[in-house]
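Trainee: My structure is below; once you've seen it, I'll send some questions.
The values are calculated or read from the model by the stated rules, or taken from the named source; none is laboratory data. Quick caveat, the model's predicted, so the values are computed rather than measured. Because the Cβ atoms are built from the backbone with ideal geometry, glycine has one as well, and the counts that use them run over all protein chains shown. The accessibility values were calculated without ligands, DNA or RNA, using every heavy atom of the protein model including side chains. Shrake-Rupley method; radii C 1.70, N 1.55, O 1.52, S 1.80 Å.
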Amino acid sequence: MEAARESMAALGDAGLYDCAQTLGCFLVSSAPVSNEAGMSMKVESLVLHGDALHGEREFRRALSAYKQAMQYSKSIPRQATSSTRSSATPTGRSPSPNSSSLAALNENEVKFKIALCHSALREHREGLQEMEGIPSKVRTLKMNLMLGKLYRISRNNRAAAVCYKECLRQCPYVFEAITALAEMGLSSKEFSLIFSQAPNRGGKAPGDSLDAQRWWNRYVEAQCCIASHDYKGGLDIYVDLMQRFPNNVHILLEIAKVEAIIGRNDEATMNFEKARLIDPNIMTYMDEYAILLKSKSDYTKLNKLVHDMLHIDPARPETCLALAALWERKDERKALTYAEKSLRVDDRHITGYIMKGNLHLLLNRPDLAVTDFRGAQELRADLRSYQGLVRAYLALSKCKDALFTAREAMKVMHQSAKALKLVGDVHAISSSGREKARKFYESAIRLEPGFLGAALALADLHVAEGRNKDAVLLLERYLRQWADDSLHIKLAQVFAATNMLSDALSHYQSALRINPHNEAAKKGLERLEKQMKGVDPDAPEEDEENEADDVDGDQDDPELL
């Protein structure tokens with residue numbers, strides 16, 4: 001059977017896992033033998049069979065095969081195994097038993113494979129137990145990375161940091177470890193110290209190493225800035241790195257994601273589109289791009305994006321969330337099923353929790369939305385999870401919890417105009433808090449003069465207090481600098497409320513010239529036209545049409561894309 005074992009190993013190396021696991025069924029079911037050579041062959045066959053099953057994503061069966069291999073290995077006399085333990089291959093396979101000395105199972109490698117199976121099955125505690133059984137001195141790079149992930153999932157950040165640092169000492173370009181350590185609060189100086197301890201691979205010249213360290217340090221600084229919510233600082237560094245690495249899709253996507261988080265939607269959309277021009281098959285953060293297109297009511301582009309993503313990889317969580325964004329306008333409950341599906345695919349996908357929370361708010365389930373946004377915060381708190389939590393608490397009339405959350409956001413993001421505006425939003429709920437709200441909105445505008453969200457909120461406050469003229473003056477001042485459809489819509493609403501219908505009409509039309517897809521402008525214009533005809537805009541129509549048409553009219557249903 002030795003030739004069959006060698007063929008099975010070759011099939012596995014070639015990625016032909018289906019053939020390998022079928023052959024493995026013959027090898028592992030062969031007649032049992034009691035001699036040491038036969039037992040070693042049985043162990044090797046079980047490990048190879050486990051590898052093939054893992055490649056086929058049959059993790060439960062692979063787990064069983066690996067555990068059987070460990071059990072059989074223990075029955076081999078220790079004298080035979082101890083003399084040859086070091087000869088086991090790094091993949092957990094043993095050399096031929098016909099060689100001069102019997103080879104033992106590489107137990108540490110098989111423990112790692114068992115942990116991988118547990119992790120794939122989301123049995124993180126069991127995976128962690130297996131990984132902790134591997135001595136730290138023999139852990140490879142991939143073992144340290146896996147252990148760091150498992151410690152982080154179990155919220156043991158101190159132990160996770162030790163593992164991630166060891167990864168960077170072995171290779172400073174483990175970007176997953178860089179991101180994780182930045183989120184855990186490691187400073188850029190500490191990163192530089194780790195980089196200096198990394199081996200100089202390939203005997204590179206000092207100049208080449210210095211150049212690599214320069215851009216690596218800048219990348220690390222950007223990660224540290226973003227992890228500490230200094231989004232502007234992180235963006236500035238990323239833009240600087242783009243000069244050194246033009247058309248770098250990774251950096252372009254990182255820029256776009258941060259811009260989406262802080263509400264620079266136009267810039268984020270443009271950068272996502274640039275990334276897709278460079279690499280049309282990119283999937284990373286495409287759910288963020290889909291959400292942006294949905295917010296702009298650009299369903300033509302959103303439909304095309306979803307079509308492309310379904311063609312590239314329908315099983316990715318990003319694809320599920322893009323479908324959720326597409327369905328939100330037509331069927332919020334169906335959109336929710338796609339958001340839930342994204343979390344079944346990857347229960348650590350932050351955007352999935354945020355999308356699910358926003359959908360629960362739309363479905364008037366703020367209690368469930370709180371759980372969703374808390375889930376996002378447990379993974380990584382950002383502005384959107386704070387905003388969602390505040391909205392959910394206000395919907396539940398839990399004003400104290402909303403204020404506490406908004407203040408926490410302001411404390412964490414002390415240089416964020418968005419966080420200041422969030423505190424203002426809570427105060428603006430009650431008439432007694434409007435003066436405080438005004439101060440927070442004005443502070444946000446002073447900190448970030450181009451922050452239209454604060455200007456719109458301040459205009460709403462003026463209207464609530466009967467100062468319509470102040471609201472108009474504020475919005476018109478902003479319009480002189482920023483031609484934005486949201487400013488035109490707000491002005492139209494103020495004019496319509498004061499019965500200045502022709503002025504309102506002009507601004508709704510201006511909003512639609514800027515963004516023909518703007519749903520708020522379309523609905524506002526429809527109401528205004530009824531008002532101008534003397535019809536009650538809130539009266540139900542006799543033959544109200546069901547707006548459950550295809551997203552693009554003539555395009556296919558999203559289920560069939």
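Trainee: Kindly indicate the residue of segment 356-390 that is open to solvent by less than 10 Å² (accessible area, probe 1.4 Å) and touching a residue at least 60 places away in the same chain (Cβ under 8 Å) and also farthest from Leu343 (Cα to Cα) among those meeting that condition.
Mentor: Among them, the one singled out is Leu383.
Condition check ((1) modelled with pLDDT under 85; (2) closer than 27 Å to Gln129 by Cβ; (3) open to solvent by 30 Å² or more (accessible area, probe 1.4 Å)) across all residues:
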| site | (1), (2), (3) |
| --- | --- |
| Thr22 | no, no, yes |
| Phe26 | no, no, yes |
| Ala37 | yes, no, yes |
| Ser40 | yes, yes, no |
| Ala52 | no, yes, no |
| Arg57 | no, yes, yes |
| Ser83 | yes, no, yes |
| Ser86 | yes, yes, yes |
| Pro95 | yes, no, yes |
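Trainee: If we keep just the residues of segment 59-69 that are among the basic types (Lys, Arg) and either within 16 Å of Thr22 (Cα to Cα) or within 29 Å of the chain's Cα centre (by Cα) (or both), which is least open to solvent (accessible area, probe 1.4 Å)? If you could, list the steps in order and put the result at the bottom.
Mentor: If we filter segment 59-69 for residues that are among the basic types (Lys, Arg), which is where we start, we get 60-61, 67.
In the following step, the residues that additionally are either within 16 Å of Thr22 (Cα to Cα) or within 29 Å of the chain's Cα centre (by Cα) (or both) were identified as 60-61.
Working: Arg60: 130, Arg61: 104 Å².
This residue is Arg61.
Trainee: Quick check on my filter: what residues within segment 350-379 are aromatic (Phe, Trp, Tyr) and either closer than 20 Å to Asp331 by Cα or not assigned by the TED database to the domain that holds Lys330 (or both)? Give the steps one after another, and end with the answer.
Mentor: Step one: list which residues in segment 350-379 are aromatic (Phe, Trp, Tyr), which gives 353, 373.
Passing the criteria: only Tyr353.
Trainee: Anything in segment 428-471 that is hydroxyl-bearing (Ser, Thr, Tyr) and open to solvent by 30 Å² or more (accessible area, probe 1.4 Å)? List them, or say none.
Mentor: The initial filter retains those residues of segment 428-471 that are hydroxyl-bearing (Ser, Thr, Tyr), namely 430-432, 441, 443.
Scanning segment 428-471 gives Ser430, Ser431, Ser432, Ser443.
Trainee: Here is a check on your reading of the model: is Ala290 farther than 19 Å from Leu253 by Cα, in the same structural domain as Asp372 (by the TED database) and among the aliphatic types (A, V, I, L, M)?
Mentor: For Ala290, the condition - farther than 19 Å from Leu253 by Cα, in the same structural domain as Asp372 (by the TED database) and among the aliphatic types (A, V, I, L, M) - is not met.
Trainee: Do we find a residue being over 17 Å from Ser295 (Cα atoms), of a type in the set (Ser, Thr, Tyr) and either part of a helix (DSSP H, G or I) or open to solvent by 10 Å² or more (accessible area, probe 1.4 Å) (or both) anywhere in segment 343-352?
Mentor: Within segment 343-352, none of the residues are over 17 Å from Ser295 (Cα atoms), of a type in the set (Ser, Thr, Tyr) and either part of a helix (DSSP H, G or I) or open to solvent by 10 Å² or more (accessible area, probe 1.4 Å) (or both).
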